[in-house]
Amino acid sequence: MSNTWTDRGRRRSRHARAWLAVLVVMLLAACGPAASGAPSGAGSVSPSPTVSAVVDPSAVLPSRAPASGSITLYTSVQQPVVDAILAALAAAQPNVTVELFRAPTGELSARMAAELREGGIQADVLWLTDPLSMQAWVDQGVLRAWSPAGAAGLDPADQTDTFWGTRVLNMVMVKHADLTPGPTDWQDLTDPALGDAVAIPDPGFAGSAFGALGYFALHPDYGMAFYEELKANGAVQIKSPDEVTTGVAEGQFRAGITLDSSARAAVAKGSPVELVWPSSGSVAMYSPVGVVDGSENPAAAEALVEFLLSAEGQRILGEAGQEPVLPGFGGPEPGGDQARPDWRAIFGQQEQFLEQYRAIFGG
């Protein structure tokens with residue numbers, strides 16, 4: 001496999017060890033003369049007489065100074081997840097009011113494009129599903145560069161200078177429970193045995209499908225030929241990962257591409273489906289957040305970003321059934337390897353890939 005792709009499980013193990021090194025350095029610095037009279041605050045670490053072999057990430061993630069006023073959040077994140085975060089933010093920042101507009105990536109992008117034509121996007125914060133959709137707005141000058149204190153804990157692959165990962169989404173496969181043996185890896189979806197029985201989500205509608213498109217398009221073992229083979233085998237494009245899962249559960253399809261969270265939720269409800277973690281790894285992508293350039297309340301906008309990157313924000317995401325971008329905060333464990341593209345290598349090509357996809361599946 002090309003070195004453009006990484007095994008997230010191995011990388012996260014190295015990242016956890018890096019956290020231990022960071023904690024040791026920060027504790028040593030805190031115990032020195034320069035830190036003896038320093039006040040606590042954002043980015044500070046309380047000295048400790050010992051260093052545990054198990055690192056508590058909350059010990060090194062910063063807090064955020066109080067903010068106030070109203071901001072508007074545009075997001076494609078699932079409603080229950082957003083609700084959990086905003087409820088916790090209200091407790092941490094009681095003087096901040098958040099107006100919310102939530103929609104699937106395609107609908108959200110259409111609204112933002114219209115607002116941009118009319119003079120400017122009416123949001124202060126964007127919290128999207130995938131880095132490719134977010135980078136498209138960076139290319140149009142929508143987001144501003146700054147340095148959240150909480151970004152210090154993120155892997156460099158999970159951030160840019162304008163947006164930062166908050167959680168990890170995994171594109172996997174789902175199959176009907178009575179399909180035996182069923183697909184085990186991505187290429188199996190092109191098997192004639194699954195002719196006219198595979199559903200895939202629309203990358204122009206769902207950000208997670210857009211991220212998966214970037215992965216497959218750039219991967220030397222797949223490329224756009226993978227989508228051509230799916231189409232030739234009768235695969236059907238429908239809107240969202242949830243609709244893929246529902247279609248498989250209802251017997252309209254035998255298998256499909258969906259999010260692991262969607263498949264897990266269906267299994268928990270007793271739907272006759274099974275989550276299939278691809279043997280070569282899920283398509284793992286980080287869900288980014290950023291501040292709109294020209295926000296009228298940048299302090300409150302930044303407070304929301306910092307909260308998502310904080311120990312509390314990461315814990316809330318884990319409790320909401322999401323995989324936090326930082327290890328050690330709960331959430332579902334990956335069901336296998338997590339393959340990720342080099343997102344920066346795709347930036348600038350995503351619209352071209354979408355056009356090529358449209359030439360195959362239409363829409």
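Straight-line cross-link partners of K269 among the lysines, defined as a Cα under 29 Å from its Cα and at least 8 positions apart when in the same chain: K175, K239. Taking label points 7 Å from Cα along the Cα-to-Cβ direction, Q349 and S147 give a separation of 3.1 nm. For E99, neighbours were defined as the other residues whose beta-carbon sits under 15 Å from its Cβ, and their charges (Lys and Arg +1, Asp and Glu -1) total -2. With K and R counted +1 and D and E -1, the other residues having a Cβ less than 11 Å from that of Q78 yield a net charge of 0. Residues within the reach of a label modelled at A265 (point 7 angstrom out along Cα to beta-carbon, backbone nitrogen below 12 Å), restricted to region 158-199: there are none.
Exposure proxy for K239, K269, K175: other Cβ atoms within 10 Å of each Cβ, ordered fewest to most, give K269, K239, K175.
The Kirkwood hydrodynamic radius of region 236-363, based on inverse pair distances between different Cα atoms, is 17.5 Å.
Each listed q (0.10, 0.16, 0.21 Å⁻¹) maps to a log10 I(q)/I(0) for region 143-250, found by the Debye formula over equal Cα scatterers with no solvent: -0.39, -0.80, -1.15. Ordering E243, E229 by the number of other Cβ atoms within 10 Å of each residue's own Cβ, fewest first, gives E229, E243. As a proxy for reagent exposure, ranking F353, F361, F101, F253 by other Cβ atoms within 10 Å from fewest up yields F101, F361, F353, F253. For R358 and A299, the difference between the fully extended length at 0.36 nm per residue and the C-alpha to C-alpha distance is 17.2 nm.
Couplings for region 155-163, taken from phi via the Karplus curve 6.51 cos²θ - 1.76 cosθ + 1.60 with θ = phi - 60°, read 4, x, 6, 9, 7, 10, 8, 10, 8 Hz in order; Gly and Pro are left as x. The stretch between D161 and D196 holds 8.3 nm of extra length on full extension. This uses 0.36 nm per residue minus the Cα-Cα distance.
Values quoted throughout were computed directly from the atomic coordinates according to the rules given, and no laboratory measurement underlies them. As the structure is a prediction and not an experimental result, all values here were calculated from the model. Positions of Cβ are generated from backbone atoms using ideal geometry, with glycine treated the same way; all protein chains shown enter the neighbour counts.
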